[in-house]
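The values are calculated or read from the model by the stated rules, or taken from the named source; none is laboratory data. Keep in mind that what you see is a predicted model, and the values were worked out from it rather than measured. Because the Cβ atoms are built from the backbone with ideal geometry, glycine has one as well, and the counts that use them run over all protein chains shown.
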Amino acid sequence: MSAAVLEIQHVSKRFGDNLANDDISLSLQKGEIVALLGENGAGKTTLMSILFGHYMPDSGRVVIDGQELPPGKPRAAIRAGIGMVHQHFSLAPNLTVLDNVTTGTESLWSFRARKGEARQKLLSISERFGLKVDPDARLGDLSVGEQQRVEILKALYNDARILVLDEPTAVLTQIEAQKLFSILKDMAAQGLSLIFISHKLDEVMNAADRIVVLRGGRQVAERKAAETSKTELAELMVGRTVTRPQREASTPGEIVLESAGITVRENGVDTLKAVDFRLRAGEVLGIIGVSGNGQTVLAQLLSGTRARTSGDLLLFGKPIDTLSVADAVFAGIGRIPEDRNKDGAIGEMAIWENAILERLPAFSRHGLVDRKSGMAYAQKIIDQFDVRGGTPSSRIRLLSGGNMQKLILGRNLINRPRILIAAQPARGLDEGAVAAVHERILEARRQGTAVLLISEDLDEVMALADRIQAIVGGRLSPPIPAEEASAQKLGLMMAGEWAQEFSHAV
């Protein structure tokens with residue numbers, strides 16, 4: 001085997017009482033794709049942040065082509081040929097693709113003088129690696145998949161030879177993810193070396209040459225992809241056999257939420273179009289659809305953060321003129337927003353503050369927040385919902401995505417909501433966290449909670465939902481029983497091909 005282009009040697013990193021990385025070592029060869037696999041909070045992102053210079057290791061070192069990399073210096077990492085593509089893009093939506101790619105690479109006056117040269121370099125890289133984008137397009141007008149291409153192009157523009165991608169498919173559709181990994185394999189074939197962080201077993205098995213597994217901050221295994229299986233990797237990742245819960249047969253109760261012809265119009269465009277559904281106590285109604293077809297608007301409408309233009313909304317059989325967030329909380333509607341970082345939590349606030357955000361009156365005395373009761377409430381959620389990686393006083397941004405999601409789920413379910421609006425509840429979660437979230441949703445169903453599950457994951461919807469409707473272009477299909485659902489049938493429904501003879505199950 002040739003000399004490694006990258007070596008991480010005995011790296012450890014501690015944040016307070018949390019040992020994020022414990023004596024981790026790994027190597028990377030030229031033209032190799034290595035997957036860093038582990039649960040949310042296993043230490044994957046911390047390790048890569050040390051590699052890129054965002055964090056200083058407590059011990060250990062990083063070696064590039066036989067030379068030790070100065071710790072804690074991102075510019076040194078970039079000069080050494082390391083490029084980082086973050087899960088949450090570090091791009092300016094109001095700038096063009098070209099401006100985003102070249103920002104920080106040279107002085108403003110120098111860039112203006114050499115803009116044509118920069119454009120040519122960008123187009124050359126774009127063509128070489130199949131990352132086609134319009135240099136003059138405004139970033140905010142691009143799809144999520146196209147924005148990720150810009151992140152990759154920015155790294156390549158800086159002459160990256162080692163590319164690190166943190167959860168690269170977390171915000172992509174399945175088709176976009178397949179295209180991305182095809183591009184990454186082409187990059188490796190042309191001599192680039194890649195590390196991608198993931199907890200998704202399918203993409204790890206399909207894309208990686210070698211897999212390094214982290215658990216609890218420790219390196220527990222290394223496998224060649226051709227010599228392992230998803231079953232083995234899942235057990236290595238979580239330390240136990242993981243099985244997803246099964247939905248049991250049940251008889252739903254009364255209708256608790258009903259939409260009749262609801263339309264939402266924004267800037268002259270109908271984002272929801274005459275939407276009809278009925279949701280009963282003790283059932284899960286699944287809404288399946290490709291991103292951007294109105295499901296975000298629907299979730300916001302039912303959570304009180306967006307108003308309808310026309311149509312009727314009935315809550316527990318009574319017409320509702322307007323529904324505010326306060327109204328929704330008071331009525332017993334819980335919500336899991338699809339973007340936990342943007343809409344579900346305030347990163348710089350403590351866990352206990354985030355836990356009580358939607359219920360401040362219950363934790364206030366004489367206009368002041370009762371910190372003691374808020375801390376106790378947060379600790380109760382942490383204990384009951386297995387939230388790891390922090391104490392009630394820790395800032396919530398320090399939690400992994402899975403643990404943040406469990407906290408958001410817990411602050412809703414601990415109060416036994418009558419209705420739960422769950423939008424993409426398992427997005428970006430590892431296998432163990434997915435199983436835990438699914439079990440909690442089914443437990444709420446058994447206790448009589450009516451769950452509206454909005455998801456792009458066919459397997460998730462088929463596993464949890466009693467009835468399923470597809471959303472296409474802001475319209476909802478008629479519902480079908482889960483027993484009649486298949487991946488093929490739901491795929492056709494998501495494409496807008498639903499039969500008129502489908503019965504309106506109630």
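Among the residues of the stretch 441-467, those that are within 22 Å of Ser303 (Cα to Cα), among the acidic types (Asp, Glu) and out of contact with any Ser or Thr (no Cβ under 7 Å at 6 or more places or on another chain) comprise Glu443, Asp457, Glu460, Asp466. For Ser27, the test of being without any contact (Cβ under 8 Å) to a residue 40 or more places away in the chain and assigned to a strand (DSSP E or B) is passed. Being of a type outside the set (D, E, K, R), closer than 22 Å to Gly401 by Cβ and surrounded by fewer than 19 Cβ atoms within 10 Å (Cβ to Cβ) is a property that Gly130 lacks. Taking Val284, is it among the hydrophobic types (A, V, I, L, M, F, W, C), modelled with pLDDT under 95 and within 30 Å of Gly491 (Cα to Cα)? Judged against the criteria, Val284 is not a match.
For the stretch 404-443, a residue qualifies if it is among the polar types (S, T, N, Q) and either more than 15 Å from the chain's Cα centre (by Cα) or surrounded by fewer than 24 Cβ atoms within 10 Å (Cβ to Cβ) (or both), and the qualifying residues are Asn412, Asn415, Gln424.
Scanning the stretch 30-55 for residues that are small (Gly, Ala, Ser), in a loop (DSSP other than H, G, I, E, B) and crowded, with 22+ Cβ neighbours inside 10 Å yields a count of 3.
Residues in the stretch 72-100 that are modelled with pLDDT of 90 or more, in a loop (DSSP other than H, G, I, E, B) and surrounded by 17 or more Cβ atoms within 10 Å (Cβ to Cβ) were compared, and the one that is nearest to the chain's Cα centre (by Cα) is Gly81. For the stretch 320-335, does any single residue satisfy the condition of being in contact with a helix residue (DSSP H, G or I) (Cβ under 7 Å, 6 or more places away or on another chain), free of Cβ contacts under 8 Å to residues at least 60 places away in the same chain and part of a loop (DSSP other than H, G, I, E, B)? No, the stretch 320-335 contains no residue that is in contact with a helix residue (DSSP H, G or I) (Cβ under 7 Å, 6 or more places away or on another chain), free of Cβ contacts under 8 Å to residues at least 60 places away in the same chain and part of a loop (DSSP other than H, G, I, E, B).
Every residue, every condition in (1) assigned by TED's automatic domain parsing to the domain that holds Ala234; (2) touching a helix residue (DSSP H, G or I) at 6+ places or on another chain (Cβ under 7 Å); (3) of a type in the set (Lys, Arg), yes or no:
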| site | (1), (2), (3) |
| --- | --- |
| Gly410 | no, yes, no |
| Gln424 | no, no, no |
| Leu429 | no, yes, no |
| Arg440 | no, yes, yes |
| Leu458 | no, yes, no |
| Arg475 | no, no, yes |
| Pro478 | no, no, no |
| Glu483 | no, no, no |
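Here is the figure for the stretch 481-505: residues that are at pLDDT 80 or above and hydrophobic (A, V, I, L, M, F, W, C) total 8. Restricting Arg340, Arg247, Arg278, Arg265 to residues that are touching a residue at least 40 places away in the same chain (Cβ under 8 Å), outside the structural domain of Lys489 (by TED's automatic domain parsing), among the basic types (Lys, Arg) and touching a strand residue (DSSP E or B) at 6+ places or on another chain (Cβ under 9 Å) narrows the list to Arg247. Please work out if Ala376 is of a type in the set (Gly, Ala, Ser) and within 23 Å of the chain's Cα centre (by Cα). No: the conditions fail for Ala376. If Ile454 satisfies every condition in (1) part of a strand (DSSP E or B); (2) surrounded by fewer than 23 Cβ atoms within 10 Å (Cβ to Cβ) but one, which is the exception? All conditions pass for Ile454, except number (2). Between Ile356, Ile381, the distinction of being of a type in the set (Val, Ile, Thr) and in contact with a strand residue (DSSP E or B) (Cβ under 8 Å, 6 or more places away or on another chain) belongs to Ile356 only.
Looking for something in a strand (DSSP E or B), touching a residue at least 40 places away in the same chain (Cβ under 8 Å) and outside the structural domain of Ala208 (by TED's automatic domain parsing) - is there at least one such residue anywhere in the stretch 221-242? No: the stretch 221-242 contains no residue that is in a strand (DSSP E or B), touching a residue at least 40 places away in the same chain (Cβ under 8 Å) and outside the structural domain of Ala208 (by TED's automatic domain parsing).
Taking the stretch 340-446 as the region of interest, the helices (runs of 4 or more DSSP H) fully inside it that hold 3 or more residues being more than 30 Å from Thr243 (Cα to Cα) are 351-356, 371-384.
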